[in-house]
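Contents: one structure, followed by commentary.
The values are calculated or read from the model by the stated rules, or taken from the named source; none is laboratory data. As the structure is a computational prediction, the values presented were derived from the model and not from experiment. So basically every Cβ, Gly included, is an ideal-geometry build from the backbone, and we count neighbours across all protein chains shown. Just the protein is used for accessible areas: all its heavy atoms, side chains included, with ligands, DNA and RNA removed. Shrake-Rupley method; radii C 1.70, N 1.55, O 1.52, S 1.80 Å.
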Amino acid sequence: METDLLSEYIQTVQQRTQSLYENARDASNESPHLMMACLEELRAALEELHVAEEELRLQNESLLMAQTTIEAERQRYQELFEFAPDAYLVTDLYGTVREANRAATELLNLSHRHLMQKPLITFIHEDQRSAFRVVLNQLPAIHRVQEWEVCLCRRRSDPIDSAITVETVRDASGIAIALRWLIRDISNRKRSEAQLHEAKLQNLELAESDRLKDQFMATISHELRTPMNAILGFSHLLLKRVASLEDQNLAHMVDRILRNSQHLLELIEELLDFSKLKSRRLQLRPTGFDLTKIATDTAQELRCLADQKGIALNVDIAQETLSIVNDPVRVRQIITNLLSNAIKFTEVGQVTLGIWELPEGRILLAVQDTGIGIDPSDHDRVFHEFWQVNQSSTRNSGGTGLGLAIVHALVELMGGTISIESKIGQGTTFRVELPRQLQ
Ligand code: ADP
């Protein structure tokens, strides 16, 4: 617009100079005052030429400034493009590379010179080329494709998984003129996804084999229980008959059969309980009963074991009767397991069973011993199934490593908590907190 104005100025000045020249030529001889007028006119025209020249200079200056700014911007964008961490490419509409940044040359493992003018499709894995061509043809119409996962084959390197985002570049009138590509290497992500998938599969397999193991344990223990009960029953009968025969040796043998069968049955019952607890098939049968009585009776049953080892077994219960609502069989099982462990792992001193009422309808049951103790680093693990502190010392004491796992699961099922306090060589205390009434 301003340039047009300037040309108009110059044109006007030219016309005036021309007419002045002609006027001066015709009038120089006849009228000198006309000559003066012409000169005046010429001065004005020159003045206007000056203005136009000044205008031109200013315009030139601002043009130069604009050019410098554009160049700086272009440089900045070129650097951004060049040093971007992701691979950027510009291709024509047929996918032939026209521009590529450094990340793109590194990703495709090709020098800039060799990458230029190369059709991008040559880097696509053979199996995906026809699909790639279809998308390429559609691009001018669909404008943009995002996170398109493609396998890229690079020069002298392993293929990589990549995610491509591509969009069309349009001119001022909206006609597609080029394609702009952003290519990201997602092989690491793909690898982690595959590993995660693998881990999930393995987890499923583990869960399935765990389920099969539980099922196997449940079936085997169930199947073993019936013949064991028969052996127990018949050896009882046999023992009675043998007693009347007064054959000490035979009586001793039958007695051993009976005791070993009892022990085996206990182990089987333990396995069965544990598998039921694990598969959440164990149902509590709540009923009201006197906890003091159950605790005292249980201690009494185990007293002979403590006597055999020459250790004291104390019962410390303030209330003569303490009625609670729970499953008496399972509460007895908790006390038996804790007390028999305490006796088993104590060589000198005493074992004490204590019961107290706590506020908010709870009761505390504690079994304390002066035995070998458990290292603090093992406190959590004692509740894991089949876990035993020291295989050799435990083997002397027998056991399956299921007792505390069963206690833990039962206490949880009853809505209670169990904790352990122990020092090596000084003894152990297990504390069980239970609601006085099962929910
Ligand atoms: P088991 O007694 O059949 O081995 P448990 O689950 O009852 O299995 O106990 C697991 C392990 O915890 C025992 O083998 C023993 O090493 C340790 N433990 C349990 N109670 C005591 C205790 N009162 N004193 C010392 N160690 C104990």
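If you go through segment 76-90 one residue at a time, do you hit one that is loosely packed, with under 13 Cβ neighbours inside 10 Å and among the hydroxyl-bearing types (Ser, Thr, Tyr)?
yes
Rundown of residues vs (1) out of contact with any Leu (no Cβ under 8 Å at 6 or more places or on another chain); (2) at pLDDT below 85; (3) small (Gly, Ala, Ser), yes/no style:
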{"site": "181", "(1), (2), (3)": "no, no, no"}
{"site": "191", "(1), (2), (3)": "yes, no, no"}
{"site": "204", "(1), (2), (3)": "yes, no, no"}
{"site": "252", "(1), (2), (3)": "yes, no, no"}
{"site": "262", "(1), (2), (3)": "no, no, no"}
{"site": "271", "(1), (2), (3)": "no, yes, no"}
{"site": "277", "(1), (2), (3)": "no, no, no"}
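Taking only segment 210-232 into account, find how many residues are farther than 23 Å from residue 280 by Cα, free of Cβ contacts under 8 Å to residues at least 40 places away in the same chain and surrounded by 12 or more Cβ atoms within 10 Å (Cβ to Cβ).
Looking only at that region, the number is 3.
Is it the case that residue 207 is out of contact with any Pro (no Cβ under 8 Å at 6 or more places or on another chain), surrounded by 11 or more Cβ atoms within 10 Å (Cβ to Cβ) and not hydroxyl-bearing (Ser, Thr, Tyr)? Give the steps one after another, and end with the answer.
Details: out of contact with any Pro (no Cβ under 8 Å at 6 or more places or on another chain): yes; surrounded by 11 or more Cβ atoms within 10 Å (Cβ to Cβ): no; not hydroxyl-bearing (Ser, Thr, Tyr): yes.
Judged against the criteria, residue 207 is not a match.
Quick one: would you say residue 401 is within 7 Å of the ligand (Cβ to nearest atom) and either modelled with pLDDT under 95 or more than 31 Å from the chain's Cα centre (by Cα) (or both)? Explain how you work it out, then say what you get.
On the way: within 7 Å of the ligand (Cβ to nearest atom): yes; either modelled with pLDDT under 95 or more than 31 Å from the chain's Cα centre (by Cα) (or both): yes.
Yes, satisfied.
For segment 358-392, what are the residues that are without any contact (Cβ under 8 Å) to a residue 40 or more places away in the chain and more than 38 Å from the chain's Cα centre (by Cα)?
Step one: filter segment 358-392 for residues without any contact (Cβ under 8 Å) to a residue 40 or more places away in the chain, giving 359-360, 377-378, 380-384, 386-392.
Answer for segment 358-392, where residues must be without any contact (Cβ under 8 Å) to a residue 40 or more places away in the chain and more than 38 Å from the chain's Cα centre (by Cα): 359, 360, 392.
Among the residues of segment 172-199, which ones are in contact (Cβ under 8 Å) with a residue 40 or more places away in the chain and either hydrophobic (A, V, I, L, M, F, W, C) or more than 23 Å from residue 119 (Cβ to Cβ) (or both)? Show your work before the answer.
From segment 172-199, those in contact (Cβ under 8 Å) with a residue 40 or more places away in the chain are 176-185; that's our starting set.
Within segment 172-199, 176, 177, 178, 179, 181, 182, 183 meet the criteria.
Each row is one residue, and each column tells you yes or no for (1) more than 55 Å from the chain's Cα centre (by Cα); (2) on the phi < 0 side of the Ramachandran plot; (3) open to solvent by less than 40 Å² (accessible area, probe 1.4 Å).
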| position | (1), (2), (3) |
| --- | --- |
| 237 | yes, yes, no |
| 252 | yes, yes, no |
| 255 | yes, yes, no |
| 259 | no, yes, no |
| 263 | no, yes, no |
| 269 | no, yes, no |
| 273 | no, yes, yes |
| 276 | no, yes, no |
| 284 | no, yes, yes |
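Determine the pairs where a residue that is free of Cβ contacts under 8 Å to residues at least 60 places away in the same chain, located within segment 87-102, has a partner that is β-branched (Val, Ile, Thr) with Cβ atoms under 7 Å apart, the partner being 6 or more residues away or on another chain.
Going by the 7 Å Cβ cut-off, the qualifying pairs are 97/91; 99/90.
Out of the residues in segment 314-351 meeting the condition of being in a strand (DSSP E or B) and within 13 Å of the ligand (Cβ to nearest atom), tell me which one is least open to solvent (accessible area, probe 1.4 Å).
Pass one, segment 314-351, residues in a strand (DSSP E or B): 314-317, 323-326, 350-351.
Imposing the further condition that a residue be within 13 Å of the ligand (Cβ to nearest atom) reduces the set to 350-351.
Details: 350: 84, 351: 1 Å².
My answer is 351.
Restricting to segment 352-383, what's the tally of residues that are within 8 Å of the ligand (Cβ to nearest atom) and over 29 Å from residue 438 (Cα atoms)?
Going through segment 352-383 one residue at a time, the tally reaches 5.
Of the residues that sit in segment 408-439 and are in contact with a Phe, Trp or Tyr (Cβ under 8 Å, 6 or more places away or on another chain) and in contact (Cβ under 8 Å) with a residue 60 or more places away in the chain, which one is nearest to the ligand (Cβ to nearest atom)?
So, considering only residues that are in contact with a Phe, Trp or Tyr (Cβ under 8 Å, 6 or more places away or on another chain) and in contact (Cβ under 8 Å) with a residue 60 or more places away in the chain, the one nearest to the ligand (Cβ to nearest atom) is 428.
Does residue 298 satisfy being among the polar types (S, T, N, Q), open to solvent by less than 40 Å² (accessible area, probe 1.4 Å), touching a Leu at 6+ places or on another chain (Cβ under 6 Å) and part of a helix (DSSP H, G or I)?
Numbers: among the polar types (S, T, N, Q): yes; open to solvent by less than 40 Å² (accessible area, probe 1.4 Å): yes; touching a Leu at 6+ places or on another chain (Cβ under 6 Å): no; part of a helix (DSSP H, G or I): yes.
Answer is no for this residue.
Under the condition of being exposed (fewer than 14 other Cβ atoms within 10 Å of the Cβ) and part of a strand (DSSP E or B), which residue from segment 121-168 is modelled with the highest pLDDT?
Here the residue is 149.
Of the residues that make up segment 417-425, is at least one more than 24 Å from residue 265 (Cα to Cα), surrounded by 14 or more Cβ atoms within 10 Å (Cβ to Cβ) and in contact with a helix residue (DSSP H, G or I) (Cβ under 6 Å, 6 or more places away or on another chain)? Even if it seems obvious, please write down each step before you answer.
In the first step, residues of segment 417-425 are kept if they are more than 24 Å from residue 265 (Cα to Cα); the result is 417-425.
Cutting the leftovers down to surrounded by 14 or more Cβ atoms within 10 Å (Cβ to Cβ) gives us 418, 420-422.
Filter once more, keeping what is in contact with a helix residue (DSSP H, G or I) (Cβ under 6 Å, 6 or more places away or on another chain): 418.
Checked segment 417-425: at least one residue is more than 24 Å from residue 265 (Cα to Cα), surrounded by 14 or more Cβ atoms within 10 Å (Cβ to Cβ) and in contact with a helix residue (DSSP H, G or I) (Cβ under 6 Å, 6 or more places away or on another chain).
Just to be sure before I move on: is residue 25 modelled with pLDDT of 75 or more, open to solvent by 80 Å² or more (accessible area, probe 1.4 Å), more than 30 Å from residue 63 (Cβ to Cβ) and out of contact with any strand residue (DSSP E or B) (no Cβ under 8 Å at 6 or more places or on another chain) in the structure I sent?
Working: modelled with pLDDT of 75 or more: no; open to solvent by 80 Å² or more (accessible area, probe 1.4 Å): yes; more than 30 Å from residue 63 (Cβ to Cβ): yes; out of contact with any strand residue (DSSP E or B) (no Cβ under 8 Å at 6 or more places or on another chain): yes.
Against the criterion (modelled with pLDDT of 75 or more, open to solvent by 80 Å² or more (accessible area, probe 1.4 Å), more than 30 Å from residue 63 (Cβ to Cβ) and out of contact with any strand residue (DSSP E or B) (no Cβ under 8 Å at 6 or more places or on another chain)), residue 25 does not qualify.
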